[in-house]
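A quick write-up on the structure given underneath.
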Amino acid sequence: MLGSMLEEFQRMNKRQFFYQVLSFGMIVSSALMIWKGLMVVTGSESPIVVVLSGSMEPAFHRGDLLFLTNPSDEPIRVGEIVVFKIEGRDIPIVHRVLKVHEKENGTSKFLTKGDNNRVDDRGLYAPGQLWLTPRDVVGRAKGFLPYVGMVTIMMNEYPKLKYAVLACLGLYVLIHRE
């Protein structure tokens with residue numbers, strides 16, 4: 001299988017190879033433009049996220065794909081589901097707002113908790129941090145597609161699966177080339 005792919009690759013002339021590289025580049029740049037456009041429209045640095053744990057069950061399950069917005073002019077309210085980042089952690093967390101404290105000067109702090117967790121999230125926050133602020137928020141959940149993100153989870157948990165999928169896509173492209 002790999003041998004036939006190599007033979008096919010070697011038979012390509014320079015023009016065909018350049019066309020394949022250009023097509024791939026256009027697909028990647030189109031995806032990036034769509035992502036950046038979604039960032040501008042939603043106001044969120046990450047307009048789409050995958051739920052990685054069961055901490056929000058029964059509202060959201062592991063693998064659900066969430067669509068986020070982050071309107072800076074709207075205050076965060078109790079009961080809202082927010083996605084937030086903690087200093088020193090790479091992966092955002094999806095949890096519900098449990099308490100909100102608003103000051104007269106317009107600033108606010110809030111506390112979160114996973115629906116399926118027994119305690120609030122203070123144990124997850126950065127050392128010494130007892131509350132989140134609006135700048136910690138990546139976005140607010142506005143919609144979801146159930147289990148669509150399982151593909152992402154599977155590829156991260158089983159890295160060899162990525163290579164198998166890429167090999168299958170490469171083979172498909174080679175077989176169905178014009």
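The values are calculated or read from the model by the stated rules, or taken from the named source; none is laboratory data. Computed from a predicted model, the values in this text were never measured in an experiment. When we count neighbours, we look across all protein chains shown, and the Cβ atoms used for this are built from the backbone with ideal geometry, even at glycine. To get the accessible areas, we keep the full protein, side chains included, count just its heavy atoms, and leave off ligands, DNA and RNA. Shrake-Rupley method; radii C 1.70, N 1.55, O 1.52, S 1.80 Å.
Some values worked out for this structure:
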quantity	calculated
Matching residues in segment 54-87 - criterion: being in a loop (DSSP other than H, G, I, E, B) and open to solvent by 50 Å² or more (accessible area, probe 1.4 Å)	GLU57, PRO58, HIS61, ARG62, SER72, ASP73, GLU74, PRO75, ARG77, VAL78, LYS85, GLU87
Considering residues of segment 140-158 that are part of a loop (DSSP other than H, G, I, E, B) and surrounded by 12 or more Cβ atoms within 10 Å (Cβ to Cβ) only, the residue nearest to the chain's Cα centre (by Cα)	GLY149
Selection count, segment 122-139, where residues are open to solvent by less than 80 Å² (accessible area, probe 1.4 Å) and either among the acidic types (Asp, Glu) or outside any strand (DSSP E or B) (or both)	9
Any chance ARG15 is within 26 Å of ALA167 (Cβ to Cβ) and not polar (S, T, N, Q)	yes
Residue check for LEU132: in contact (Cβ under 8 Å) with a residue 40 or more places away in the chain and closer than 21 Å to SER46 by Cβ	yes
Of residues in segment 19-52 being closer than 14 Å to PRO92 by Cβ and touching a residue at least 40 places away in the same chain (Cβ under 8 Å), the one surrounded by the most Cβ atoms within 10 Å (Cβ to Cβ)	VAL51
Number of positions in segment 47-72 that are within 15 Å of the chain's Cα centre (by Cα), farther than 14 Å from ASN117 by Cβ and hydroxyl-bearing (Ser, Thr, Tyr)	1
Check on LEU161, part of a strand (DSSP E or B), of a type outside the set (S, T, N, Q) and surrounded by 11 or more Cβ atoms within 10 Å (Cβ to Cβ)	no
Criterion: of a type in the set (Ser, Thr, Tyr) and in contact with a strand residue (DSSP E or B) (Cβ under 9 Å, 6 or more places away or on another chain) - qualifying residue of SER23, SER44	SER44
Test result for VAL119, modelled with pLDDT of 95 or more and assigned to a strand (DSSP E or B)	no
